[in-house]
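The values are calculated or read from the model by the stated rules, or taken from the named source; none is laboratory data. Since the model is a prediction, treat every value here as computed from it, not as a measurement. Using ideal geometry, Cβ is built from the backbone for each residue, glycine included, and neighbour counts are taken over all protein chains shown.
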Amino acid sequence: MELFKDTKFDFLGKKVPFIAVSVVLTVAGLVSLVMKGGPQYGIDFKGGTMTYVKFATKPQEDQVRKALSAKIPGEVSVQPVIGSNELMIGTELKSEKELDQASRVMKETLAATFGSPGGKPDFHALGQDVLVEKLQDPFQKAGVALSSDGLRVVAKAMLEYRDTPPRSGLIGSFDDLKGVSGVTPAMIQAMKQELSLSSYAVRNFELVGPKIGGELRSQAVMATLFALGGMLVYVALRFEWIYGVAAVLAVFHDTFITIGLFSIFNKEINLTVVAALLTLVGYSMNDTIVVFDRIRENLKLKRKESFPDLVNSSINETLSRTVMASGLTFLTAMSLWVFGGQVLNGFAFALVTGIIVGTYSSIFIASPILIAWYQRAEARKHPRRAAEGAPAAKTAAPAVAAEGAATARTGKKDKSKVAR
């Protein structure tokens, strides 16, 4: 399927504005990284805790931050989750002992600040086993005839209802459980007497030790470098070494700009973001290889074209494939970014920015590097013509031009022998 046929867009004639955009983004990202002391790592890489807490009403960030900072040593970050009454509470800690202590203090502080008075167990904080234990005697006193297995089935159904969106761990009243299979009015009345409902619920709690975080950070860097090195070798073997260098420089350009944008927009880099960056590396490299493969084919078919014109026509010939592949992937990544929630936000943001940057780098970064090398090689081969100001790019690629000339000379010799 071709969206475009016989297009003749002068992509390389418009390379200067795109290169300027790359320079601006690279400098801005570098300045941001220097000013902030490097990338903003998530707890996956620096160690610490990350707690996702949902509130019944819009939470007061300052109140939460003040309450936790008074009890937990070190920096406490409180960030809202856009579009919901949820907060991400992060703590950066230095030792395993502090991590355990922070977990306990976090739960105690939230319970003291936002929990229900009276000291009753909070239904939002209970698991299945504890809920069964808390309800067994009250249900018997209320005349609810249930076996142990039956009680576990009912408890499981209530917790599944509680944790299913849009509730996501938080219900407004015990009466909301009336629609749950197996729940009777007597059960609800007993729960009202024995349990409480706080105005918040801890949706998720993540904990990573500092040592493990450092190891994960080192492994992520090595994985990226090995990926770039392996692709450099592959492209150099499949084409020529200059193709591999151009492709890897373009991919490095994409990765650095993406990391710079993360720093500019104060987004954390965690394991999911690294997965997105490695995906970006493969995607951008594949897009560049498609263009380079068409260039290699056209070197044999269009010997009389200048190398810049040949590269331009090769980009036009792969334009349909680029638009379809990049466009569909971009729409998918945008959907993840908009609807994927906070957990996938960093992953989707890396893909969205990476696809945009990676697509134009294959055209406006990798291809100009290739042309510049060929022009320099041609200038070395014909220094007099270069000194006189004749553009070296008007001839075909040096290797192909030499091959064509050798073929022509061989053909003439063969014809002369036949004539004699």
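Descriptive notes on the structure:
- Selected residue (criterion: surrounded by the most Cβ atoms within 10 Å (Cβ to Cβ)) from residues of region 116-153 that are assigned to a helix (DSSP H, G or I) and β-branched (Val, Ile, Thr): 132
- Residue in region 263-280 that is part of a helix (DSSP H, G or I), more than 17 Å from residue 362 (Cα to Cα) and in contact with a strand residue (DSSP E or B) (Cβ under 8 Å, 6 or more places away or on another chain) present: no
This table checks each residue for (1) assigned to a helix (DSSP H, G or I); (2) within 30 Å of residue 107 (Cβ to Cβ).
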residue: 28; (1), (2): yes, no
residue: 32; (1), (2): yes, no
residue: 53; (1), (2): no, yes
residue: 58; (1), (2): no, yes
residue: 65; (1), (2): yes, yes
residue: 68; (1), (2): yes, yes
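- Just one of the listed residues (287, 309) is touching a residue at least 40 places away in the same chain (Cβ under 8 Å), in a helix (DSSP H, G or I) and under 17 Å from residue 12 (Cβ atoms), and it is 287.
- For region 222-261, the set of residues classified as surrounded by 16 or more Cβ atoms within 10 Å (Cβ to Cβ) and of a type in the set (Ser, Thr, Tyr) consists of 224, 243, 255, 258, listed by residue number.
- The set of residues in region 52-78 that are touching a helix residue (DSSP H, G or I) at 6+ places or on another chain (Cβ under 6 Å), within 27 Å of residue 214 (Cβ to Cβ) and either outside the structural domain of residue 108 (by TED's automatic domain parsing) or touching a residue at least 40 places away in the same chain (Cβ under 8 Å) (or both) contains only 68.
- Search result, residues across region 279-318 that are in contact with a Ser or Thr (Cβ under 7 Å, 6 or more places away or on another chain), of a type in the set (A, V, I, L, M) and modelled with pLDDT of 85 or more: 290, 291, 295, 311, 315
For every residue, the table says whether it meets (1) crowded, with 19+ Cβ neighbours inside 10 Å; (2) closer than 26 Å to residue 221 by Cα.
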position	(1), (2)
9	no, no
12	no, no
19	no, no
24	no, yes
30	no, yes
42	yes, yes
58	no, no
61	no, no
79	no, no
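- Selection count, region 226-282, where residues are out of contact with any helix residue (DSSP H, G or I) (no Cβ under 9 Å at 6 or more places or on another chain) and of a type in the set (Gly, Ala, Ser): 1
- Among the candidates 246, 325, 220, the residue that is closer than 25 Å to residue 38 by Cβ, assigned to a helix (DSSP H, G or I), touching a residue at least 24 places away in the same chain (Cβ under 8 Å) and small (Gly, Ala, Ser) is uniquely 220.
- Residues of region 213-267 satisfying the condition of being closer than 20 Å to residue 368 by Cα and either β-branched (Val, Ile, Thr) or touching a His at 6+ places or on another chain (Cβ under 6 Å) (or both): 235, 242, 245, 248, 251, 255, 257
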